Amino acid sequence: DAYLSGGVYLGGTTAANKLDDYEEGTWTPAGTSGVGFASNSAYGTYTKIGNVVTLHATLIVASNSSSAHFRIDALPFNQSGGNAAAGFYMRYTQDSTYRMFYLSTGNTIDVYNLGGGATTFSSVSTGRYDFSGVYYTDS
């Protein structure tokens, strides 16, 4: 049966039960506003199942004095239709500060302090970040 090739069926063999959109890969986070990450420090992995993307990454912000908002660009897929539905956890290894972030547009993450306010590149200069997140995509 042509219907049964090229996918896994969960809960039945109808088209609605077919899992046929699964992808794993690596991605390289990029800085924005002309501020980058330390050489060979930015790397990550992702898993996409249907329209849900789960990603993990590590990066070290390059030494800088930029007052630009700390943003991470080049996510593996654009977010879903302008909806900023995302959940991220970020750990800053140089101190006990935790940051939150959300998808602003397309494939860019905006980073904020948990107490409110944008995080600037200068405030995280040379800091290492480890993070995980889940978001929706139309890709």
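See the values below:
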| item | result |
| --- | --- |
| Residue in the range 48-65 that is under 19 Å from GLY133 (Cα atoms), assigned to a loop (DSSP other than H, G, I, E, B), open to solvent by less than 50 Å² (accessible area, probe 1.4 Å) and at pLDDT 90 or above present | no |
| Complete set of residues in the range 25-47 that are part of a loop (DSSP other than H, G, I, E, B), polar (S, T, N, Q) and either open to solvent by 30 Å² or more (accessible area, probe 1.4 Å) or closer than 17 Å to TYR136 by Cα (or both) | THR28, SER33, SER39, ASN40 |
| Residue in the range 5-21 that is modelled with pLDDT of 90 or more, of a type in the set (D, E, K, R) and either outside any helix (DSSP H, G or I) or exposed (fewer than 15 other Cβ atoms within 10 Å of the Cβ) (or both) present | no |
| Spans of strands (runs of 3 or more DSSP E) in the range 81-139 with at least 3 residues open to solvent by 60 Å² or more (accessible area, probe 1.4 Å), farther than 21 Å from GLY44 by Cβ and at pLDDT below 85 | none |
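The values are calculated or read from the model by the stated rules, or taken from the named source; none is laboratory data. Fair warning: this is a prediction, and the values are worked out from it, not measured in the lab. With ideal geometry, Cβ positions are generated from the backbone for all residues, glycine too; neighbour counts draw on all protein chains shown. These accessible areas exclude ligands, DNA and RNA; they are computed on the full protein's heavy atoms, side chains included. Shrake-Rupley method; radii C 1.70, N 1.55, O 1.52, S 1.80 Å.
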